[in-house]
Amino acid sequence: MTLIDKDIIANKRSGRQTRNSILKWLFFLCTMFGLMVLIMLIADTVADGWDSLDMEFLTNFNSSRAESAGFYGAIIGSLWLMVVTAPVAIVLSVGTALYLEEYAPKNKFTEFIKINISNLAGVPSVVFGLLGLAMFVRALALGNSVLAAGLTLALMILPVIVVASQEAIRTVPASVREASIGMGATKWQTVSKIILPAAIPGIITGIILALSRALGETAPLVVIGVPTTLLVTPNSFLDSFQAMPMQIYSWVKMPNEEFQYIAAAGIIIMLVVLLLMNSAAIFIRNKFSKRY
Amino acid sequence: MSNNKIREQVVENTRNKSNTFERIIPIILLVITLVSIVATIGILYTLISQSFEFFSRVPITEFLLSTTWQPYVGDGEWGIWALIMGTMKIVVIAAIVAIPIGLGAAIYLSEYASDKVRRLIKPILEVLAGIPTVVYGFFAINFVNPILQSIYDGFGLYNAVSAGLVVGVMIIPMIASLSEDAMSSVPASMREGSLGMGATRLETAVRVVIPAAFSGIIASFVLAISRAIGETMIVSIAAGSTPNASFDVTEPLQTMTGFIVQITSGDAAFGTNLYYSLFAVGMALFVMTLIMNIISSWLTNRFKEEY
């Protein structure tokens, strides 16, 4: 007499195993969905924009005629924008991260600052645009200048860099810190000569990723009123400027089909820049991150 | 004796020299840190003061109760429900796409994939998350919408579905990576216990890992929906600029963010109702996303305490 009917068990098991392997493939497809969309997006953009992509496109200013419209003003404008955004954002966020990780006492106020920063990270970019419009453009009378837009974007990416820097600083082991203090180094000597150098690859990765987000951000620039048809590049931080995402947006909104092709060409340029920045970030993260 | 004196001298010198410096550094860093508080106060002050001006001109009851948003007709009709309905249509469509796919990807990455596969796929999700939304907008109107129109010719040039689908694609990486984080932090012993009892990976994922990581997973949904509410460029490009409170997804619509972009890219003359309405809508947007972010971080923290 057999107490266990092996056939029934094998039957039940095979059903469960089949379900498992079917769903495994379904989950795998979900994972690949992103890649498929990415490929379609890039293929569609390149197919639309490739023919418009030439030296003229890179060296001409924008124009009301699609065949002579170029990206030059937008490229230079975006560079100017980064010249303001990068240093402001870096000083503010790395300073904040150092304070929170190394100096801040453990109390309610510090906790409040941390909560505030994580909430700031969730504020929609268009709301940062409204802040820029009311504060920098109107109240401080900076107009739609490089400075107004740069400061707005710097505030927008601040939480991103703070969080990345905090994580990088936290990975520096306590033993290294204690060794430095034990050798008689002061707090600031420890922070500036031991902790910062050890955390810098992680911090730089965070900075590059945040700047690439700022570079592609459109909504705050629209709200601030960044122009799309300038025929000059800025000479100072108080001049108005154009920017790559803003230019692309204005072309996409054109009813004329010709402009869709140059919008695609603009997107190719912008994606190449962003891809280079992202690769640099990943390279730095993998190459220079110290293991303790 | 003289040796000791020199030592004292050295100690005193280094202390004096570094002491002021050492004391100033934390103060400088604290001042820098306070900028983030100033930014929050700036946002709140801007939104509240300008909305206050708006509500001194337009009754708040009209704003909150009416379903007609007609800023250009006469003094305008300001019922924000028309814009909120637009936002909701986009969010629902985005969630229908993003939640199953994002969760499926998270299950695969956390329960099935080897370390090697995970290391290959995660950067792809990062790249997808890093694509500027204006590019997604272009994709929605020039790639997704023509496909939709070829399937059903009721779709216009601007509609909720093309914009909603692409917003969904945009938030997939967020759901996938945050849910994966939540599932990966379920202790291996629980997973091994289930597998050891003879459960398949699927049964382990569905009956053990997901229930254990549930609040973290829900937190990722809430955060992603908050991101979808605040999404601006995709809807500005692909959803149109016609506020309406209908449920029809083939019609053009306008979201809260879309309205802000439409008005600011034209000229909202300073001091008009239209100008102040920007901040009232911004305030509504800010409050909605803030509530969702708070719920999300509350869920995440609750989850962390359990293990």
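If a residue has to be more than 14 Å from every other protein chain (Cβ to nearest Cβ) and at pLDDT below 95 to count, how many in segment B:162-187 make the cut? I'd like the intermediate steps shown before the answer.
Residues of segment B:162-187 that are more than 14 Å from every other protein chain (Cβ to nearest Cβ), as a first pass: B:164, B:182, B:184-187.
Now narrow it down to the ones that are at pLDDT below 95: B:182, B:184-187.
Going through segment B:162-187 one residue at a time, the tally reaches 5.
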Quick one: B:Asn293 ticks every box in (1) away from chain A (no Cβ under 11 Å); (2) assigned to a helix (DSSP H, G or I) bar one, so which box is it? (1)
Which number in (1) closer than 30 Å to A:Met32 by Cα; (2) surrounded by fewer than 17 Cβ atoms within 10 Å (Cβ to Cβ) marks the one condition that B:Leu64 misses? (1)
Out of segment A:48-66, which residues are over 18 Å from A:Gln247 (Cβ atoms) and either free of Cβ contacts under 8 Å to residues at least 12 places away in the same chain or under 26 Å from the mean Cα position of the chain (by Cα) (or both)? A:Trp50
Counted residues in segment B:229-257 being assigned to a helix (DSSP H, G or I) and closer than 13 Å to B:Trp69 by Cα come to 1
Within segment B:258-290, restricting attention to residues that are outside any helix (DSSP H, G or I) and either touching a residue at least 24 places away in the same chain (Cβ under 8 Å) or within 9 Å of chain A (Cβ to nearest Cβ) (or both), which residue is surrounded by the fewest Cβ atoms within 10 Å (Cβ to Cβ)? B:Phe270
Residue hits (segment A:243-289; among the hydroxyl-bearing types (Ser, Thr, Tyr), modelled with pLDDT of 90 or more and in contact with a Gly (Cβ under 9 Å, 6 or more places away or on another chain)) are A:Tyr249, A:Tyr261
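Run down A:Leu23, A:Leu92 and say which single residue is at pLDDT 95 or above and at the interface with chain B (Cβ under 9 Å from one of its Cβ atoms). It would help to see each step written out before you state the result.
Details: A:Leu23 fails: at pLDDT 95 or above.
On inspection, the qualifying residue turns out to be A:Leu92.
If we only count helices (runs of 4 or more DSSP H) wholly inside segment A:177-292, which ones have 3 or more residues that are without any contact (Cβ under 8 Å) to a residue 24 or more places away in the chain and more than 20 Å from A:Leu81 (Cα to Cα)? Quick ask: steps written out before the conclusion?
Details: elements: A:187-190, A:196-216, A:219-224, A:244-252, A:257-288.
Fully inside segment A:177-292 and qualifying: A:187-190, A:257-288.
Determine which member of the set B:Gly104, B:Gly86 is modelled with pLDDT of 90 or more and within 30 Å of B:Arg191 (Cα to Cα). Write out each step before concluding.
Values: B:Gly86 fails: within 30 Å of B:Arg191 (Cα to Cα).
B:Gly104 is the lone residue from the list that is modelled with pLDDT of 90 or more and within 30 Å of B:Arg191 (Cα to Cα).
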Please tell me if B:Ala140 is buried (at least 22 other Cβ atoms within 10 Å of the Cβ) and either in contact with a strand residue (DSSP E or B) (Cβ under 9 Å, 6 or more places away or on another chain) or more than 7 Å from every other protein chain (Cβ to nearest Cβ) (or both). yes
Would you pick out the residues in segment A:24-46 that are hydrophobic (A, V, I, L, M, F, W, C) and in contact (Cβ under 8 Å) with a residue 60 or more places away in the chain? A:Ile42, A:Val46
Take the residues in segment B:115-138 that are farther than 24 Å from A:Phe28 by Cα and in a helix (DSSP H, G or I), then tell me which one is farthest from the chain's Cα centre (by Cα). B:Phe138
Which of the residues spanning segment B:120-130 are more than 7 Å from chain A (Cβ to nearest Cβ) and either in contact (Cβ under 8 Å) with a residue 12 or more places away in the chain or touching a strand residue (DSSP E or B) at 6+ places or on another chain (Cβ under 9 Å) (or both)? B:Lys122, B:Glu126, B:Ala129
Answer with yes or no whether B:Val127 is more than 20 Å from A:Met40 (Cβ to Cβ), surrounded by fewer than 21 Cβ atoms within 10 Å (Cβ to Cβ) and either at pLDDT below 95 or of a type in the set (D, E, K, R) (or both). no
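So which of A:Ser78, A:Ser125, A:Ser64 is among the small types (Gly, Ala, Ser) and surrounded by fewer than 17 Cβ atoms within 10 Å (Cβ to Cβ)?
Step by step, each of A:Ser78, A:Ser125, A:Ser64 is checked, and only A:Ser64 is among the small types (Gly, Ala, Ser) and surrounded by fewer than 17 Cβ atoms within 10 Å (Cβ to Cβ).
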Report the residue count in segment A:196-239 for those that are of a type outside the set (A, V, I, L, M), within 11 Å of chain B (Cβ to nearest Cβ) and more than 15 Å from the chain's Cα centre (by Cα). 3
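The values are calculated or read from the model by the stated rules, or taken from the named source; none is laboratory data. All values reported here derive from a predicted model rather than from experimental measurement. Quick reminder, even Gly has a Cβ in these numbers, built from the backbone with ideal geometry, and neighbours come from all protein chains shown.
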